[in-house]
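A.B. asks: First, the structure itself, so that you have it in front of you.
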Amino acid sequence: MILNLIQKEFILELRRKAVISGISLYLVSIIFICYLTFSLRQSSINEATWSALFWLSILFANVNGIAKSFIGEKQGLLIYYYSIASPQAIILSKIIYNVVLSLALSVMGYVLFSIFIDNPLQDKGLFLLTLLLSSFGFSACLSLISAIASKTNNSNILMAVLSFPVIIALLLMAIKLTKNALDGLAWDDSQDELWNLLAINSIMVALAYLLFPYIWRS
Amino acid sequence: MKTWVKILAIALLLYVHIGGLLLDVPRLNILNETIRALYFHVPMWFGMVLLFLVSSVYAILYLLKPSSNLDAKSVEFANVGLVFGILGMVTGMLWANYTWGSPWHGDPKQNMAAIALLVYLAYFILRGSIQNEEQKARLSAVYNIFAFTAMIPLIFIIPRMTSSMHPGSGGNPGFNMYDLDSKMRLVFYPAVIGWFLIGVWIAGLRIKVRELEEKILDIQHDQIH
């Protein structure tokens, strides 16, 4: 069932290309604005600024991209899912699909950043691992929040308001790891943060899995 | 709430106010007499976390067995927790103004506390933007549990990992560094208990007010028809 649902997500996404291309363009626009506003002093963009800009762009692109997973779905379609699949299967399929989406966005953001702005990373392996782990957390947290926000009147504002405070713990860990990757520290020094990130991810996935059925029932 | 608990809360806080202001405290540089703020600042945070914990326990109970009573409890404990958090922030800023030189210092613990408050402000905005009462209760209970569980690593673990001037952070000892003679504990623990009991009391009163309001609405509704 989960596999079918994931397959369905991909087929739908590839069929209506508007959403995925919209999010990509969103990311490109943010990064281009960063490039334009900083280009006058290109030499002066230091590593801390680079990582702050990168994570801000990724955060906004993710919030907007994953918000689509429940907000904007037609009511009839939701009722159809409700009748054919268990809520656990639905949230897991959404999370897995969103991990792929979020990872794609992060990697795209990274490539665009290296083209337009700079690539000061010394340890690319650690950075890519951070991207992978953080996309799990983003996906689990934002999928659940999107399901909550989709039931409200002003879902788009609530999506941001509800998710930002919850996602900050994850973001801070990712930024710390990025700093280690920028400085090219040994992996031993990043061990604590990696475990923390993994723990936060597991908490988020477990909570999303446990709590989603209660949102879904209405 | 039992009457003796209320009397206990009042007695504890009377003792804390008199003892906290008059009893001996260790003489430390920079801190000097401001160390007494410990009795009023730290219990606010303890109270906030405990009240939020109670609130999310009621949220869990609500999801297991929905009833408007449990929802009211969950909301009101969150409400009082938020007030405690704001008071904790204000007392912390006052204290910081004397010891660190400015009210807002970009200290990790301060930032995390601000985020914890943001979480529960978002919780009330979520409640405000859903019309259906049953759905409001259910969705906000889900968010309450989710946010509380995500908040714990936020306010307890992260500040300990980064360097900070705040006691209890970056390898600094907690408040052990103050109470060299452990005399302060004699006032500090009653303060924590007293403030928490006051918080429970306020929440209890607010729950009663809410129930009465619902009853009034029901009566008005009956009269119309």
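A.B. asks: Given the criteria charged (D, E, K, R), under 23 Å from A:K176 (Cβ atoms) and either out of contact with any strand residue (DSSP E or B) (no Cβ under 9 Å at 6 or more places or on another chain) or modelled with pLDDT under 85 (or both), does B:R138 qualify? Break it down into steps so the answer makes sense when it comes.
C.D. replies: On the way: charged (D, E, K, R): yes; under 23 Å from A:K176 (Cβ atoms): no; either out of contact with any strand residue (DSSP E or B) (no Cβ under 9 Å at 6 or more places or on another chain) or modelled with pLDDT under 85 (or both): yes.
Against the criterion (charged (D, E, K, R), under 23 Å from A:K176 (Cβ atoms) and either out of contact with any strand residue (DSSP E or B) (no Cβ under 9 Å at 6 or more places or on another chain) or modelled with pLDDT under 85 (or both)), B:R138 does not qualify.
A.B. asks: I need a count of the residues in region A:178-218 that are away from every other protein chain (no Cβ under 11 Å), assigned to a helix (DSSP H, G or I) and small (G, A, S).
C.D. replies: Result for region A:178-218: 3.
A.B. asks: Between B:G47, B:G88, which is away from chain A (no Cβ under 14 Å), under 26 Å from B:L212 (Cβ atoms) and crowded, with 21+ Cβ neighbours inside 10 Å?
C.D. replies: Just one listed residue meets the conditions, B:G47.
A.B. asks: Identify the residue in region A:12-33 that is at pLDDT below 85 and in a helix (DSSP H, G or I) and, among all such residues, is nearest to A:M108 (Cα to Cα). Working first, answer last.
C.D. replies: Filtering region A:12-33 down to residues at pLDDT below 85 leaves A:12-20.
Filter once more, so that each one left must be in a helix (DSSP H, G or I): A:12-15, A:17-20.
Numbers: A:L12: 21, A:E13: 17, A:L14: 17, A:R15: 21, A:K17: 17, A:A18: 17, A:V19: 16, A:I20: 12 Å.
Only one residue tops the list, namely A:I20.
A.B. asks: Given A:V28, A:V19, which one is closer than 24 Å to A:C141 by Cβ and among the β-branched types (V, I, T)?
C.D. replies: A:V19
A.B. asks: For region A:175-201, which positions are surrounded by fewer than 13 Cβ atoms within 10 Å (Cβ to Cβ) and among the small types (G, A, S)?
C.D. replies: Hits for region A:175-201 are A:G184, A:A186.
A.B. asks: Same structure, new question: Answer yes or no as to whether A:F38 is at pLDDT 85 or above, assigned to a helix (DSSP H, G or I), out of contact with any Gly (no Cβ under 6 Å at 6 or more places or on another chain) and closer than 30 Å to A:D118 by Cα.
C.D. replies: Spelling it out, it is not the case that A:F38 is at pLDDT 85 or above, assigned to a helix (DSSP H, G or I), out of contact with any Gly (no Cβ under 6 Å at 6 or more places or on another chain) and closer than 30 Å to A:D118 by Cα.
A.B. asks: Listed residues B:G204, B:G199, B:G174, B:G168; which is modelled with pLDDT of 90 or more and surrounded by fewer than 19 Cβ atoms within 10 Å (Cβ to Cβ)?
C.D. replies: Just one listed residue meets the conditions, B:G204.
A.B. asks: Then there is this: Could you check region A:100-137 and list, in sequence order, the residues that are crowded, with 24+ Cβ neighbours inside 10 Å and touching a Gly at 6+ places or on another chain (Cβ under 9 Å)?
C.D. replies: A:L101, A:S102, A:L105
The values are calculated or read from the model by the stated rules, or taken from the named source; none is laboratory data. Remember, it's a predicted structure, so these values are computed and weren't measured experimentally. Using ideal geometry, Cβ is built from the backbone for each residue, glycine included, and neighbour counts are taken over all protein chains shown.
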